[in-house]
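Novice: Below you'll find the structure I mean.
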Amino acid sequence: MNIAFIGLGNMGGKMAQNLLKAGLKITGFDLSEVAIQHFTEAGGISCESPQAAAKDADIVITMLPAAKHVKDVYLGENGVLSVLKAGSLCIDSSTIDPQSIKDIAAVGAEKGIKICDAPVSGGTIGAQVGTLTFMVGSDDAVFEQAKTVLQHMGKNIVHCGDVGAGQIAKICNNLILGISMAAVAEGMALGAKLGIDPQALAGVVNSSSGRCWSSDVCNPWPGISANAPAGRGYTDGFATQLMLKDIGLAIEAAGQAKQPILLGGLVQQMYQQLCMQGNAQLDFSSIIQQYLPKEN
């Protein structure tokens, strides 16, 4: 089984390395030379384009920033659907709008190529240790096939429904995540201002009703959660600009469905402000900086 992995950034690179650890042959492509270097050092085979990576692949996995990149990789002038053989499987783990993956899947179906969406939750920590949750949108047969590969990168592989359902689950999950991170940041900053030791406060929260992923696994206060981006200057995590994008997708979908989004709109403005301050590449837990005194 030949696998092509396109998009080897903070998430994709770690996911690909887990496939390599499982003994699978992986060809890969990324625009970043640093990402390619890490990939090849782990045993991957680098290629000069998405098409080159995919031309002999049985399975293609993509992990890309936005819908425009996903559409270009699959449907563009040099898209991978033009070189894949019938019967191939494509798994897109990017977070994009549900309609885009449905459109790509429709083109794939005309060529006899199976396509499913499988966005992830668990952050860079989960990607590194192979405990991601995959939210899969596909029919039953494709889900079972995709699961044989996804199990090397994730602990929980959930069949959400037909193509596009994985994206619905993901944008709703990340809406909750973005809001909860802002809530934890607000509470931690308040506690520190009032004089409690942040370690003591986190201990109480994480053994009480305030506990959540943002407080426990990825606490925004430095030194609380092992391996969290807060302990390394908020680098090498889930970029604030990507969280902003995901909340925007949720708000856009809510508008189409005429479903109220109240907290999401407020938090969207907070992440937007963080990006405008030059922190777009920092992990989204850096939202806590909005609550701390500014350095002169």
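Read-outs throughout are calculated quantities, based only on the coordinates presented, and are distinct from any laboratory measurement. What you are looking at is a predicted structure, and each value in this text was computed from that prediction instead of being measured. Reconstructed Cβ throughout: ideal geometry from the backbone, glycine too, with neighbour counts over all protein chains shown.
Novice: What nm value, rounded to one decimal, do you get for the distance between SER32 and VAL217 when each label is placed 7 Å out toward the C-beta?
Specialist: Inter-label distance under the simple model: 2.0 nm.
Novice: Then there's this: Return the subset of LYS71/LYS114; LYS68/LYS114; LYS114/LYS258; LYS55/LYS245 for which the Cα-Cα distance in this structure is over 22 Å, preserving the input order. Provide the component values of the computation, followed by the final result.
Specialist: Working: LYS71/LYS114 15 Å; LYS68/LYS114 20 Å; LYS114/LYS258 32 Å; LYS55/LYS245 31 Å.
From LYS71/LYS114; LYS68/LYS114; LYS114/LYS258; LYS55/LYS245, over 22 Å: LYS114/LYS258; LYS55/LYS245.
Novice: Gaussian network model of the chain, Cα springs within a sub-10 Å range: biggest mean-square fluctuation belongs to which of ILE171, ILE104, ILE61?
Specialist: The residue that fluctuates most here is ILE104.
Novice: Which percent, nearest 5, of DSSP beta bridges in the stretch 2-163 are antiparallel?
Specialist: Antiparallel: roughly 10 percent of the beta bridges in the stretch 2-163.
Novice: Also, quick follow-up: Only Cα pairs within less than 10 Å get springs; with that Gaussian network setup on the chain, which residue of MET11, MET270, MET153 has the largest fluctuation?
Specialist: Residue with maximal mean-square fluctuation among MET11, MET270, MET153: MET270.
Novice: Next question. Relative contact order for the chain: what is it in percent, counting Cα pairs under 8 Å that are at least 6 residues apart?
Specialist: Reported relative contact order: 13 percent.
Novice: Name the trypsin sites (Lys or Arg not before Pro) in the stretch 179-278 that are in a loop by DSSP and that have at most 16 other C-beta atoms within 10 Å, would you?
Specialist: Taking the stretch 179-278 and a limit of 16 other Cβ atoms within 10 Å, the loop trypsin sites (Lys or Arg not before Pro) found are ARG211, LYS258.
Novice: Quick one: net charge around PRO220, please, counting Lys, Arg +1 and Asp, Glu -1 for every other residue with C-beta under 11 Å from its C-beta.
Specialist: -2
Novice: While we're on this one: Work out the FRET efficiency for THR235 and THR148 from their Cβ-Cβ distance, taking R0 = 41 Å, and round it to the nearest 0.05. Write down the numbers at each step before the final one.
Specialist: Values: r = 34 Å, r/R0 = 0.82.
Working from the Cβ atoms, E equals 0.75.
Novice: Specify the inter-centroid distance of the stretch 63-90 and the stretch 183-233, based on alpha-carbon positions, in whole Å.
Specialist: 40
Novice: For the stretch 78-236, what relative contact order do you get, as a whole percent, if you take Cα pairs closer than 8 Å and at least 6 residues apart?
Specialist: 17
Novice: Over the chain, what is the percentage of antiparallel beta bridges among all DSSP beta bridges, to the nearest 5? Please list the in-between numbers first.
Specialist: Numbers: 4 of 29 bridges.
DSSP beta bridges in the chain are roughly 15 percent antiparallel.
Novice: Pull out the extension gain between ALA280 and ILE45, defined as 0.36 nm times the separation in residues minus the alpha carbon to alpha carbon distance; nm, one decimal.
Specialist: Values: separation 235, 0.36 × 235 = 84.60 nm, distance 3.05 nm.
So the chain would gain 81.6 nm between ALA280 and ILE45.
Novice: Which is the longest run of the chain containing none of the GluC sites (Glu not before Pro) found in DSSP loop states (not H, G, I, E, B) with at most 14 other C-beta atoms within 10 Å?
Specialist: Working: sites that count: GLU48, GLU77, GLU295.
So the longest stretch without any such site is 78-294.
Novice: Taking Cα pairs under 8 Å and at least six residues apart, what relative contact order does the stretch 188-296 come out at, in percent? Can you show the working numbers first?
Specialist: On the way: 117 pairs, mean separation 29.5, N = 109.
Computed over the stretch 188-296, the figure is 27 percent.
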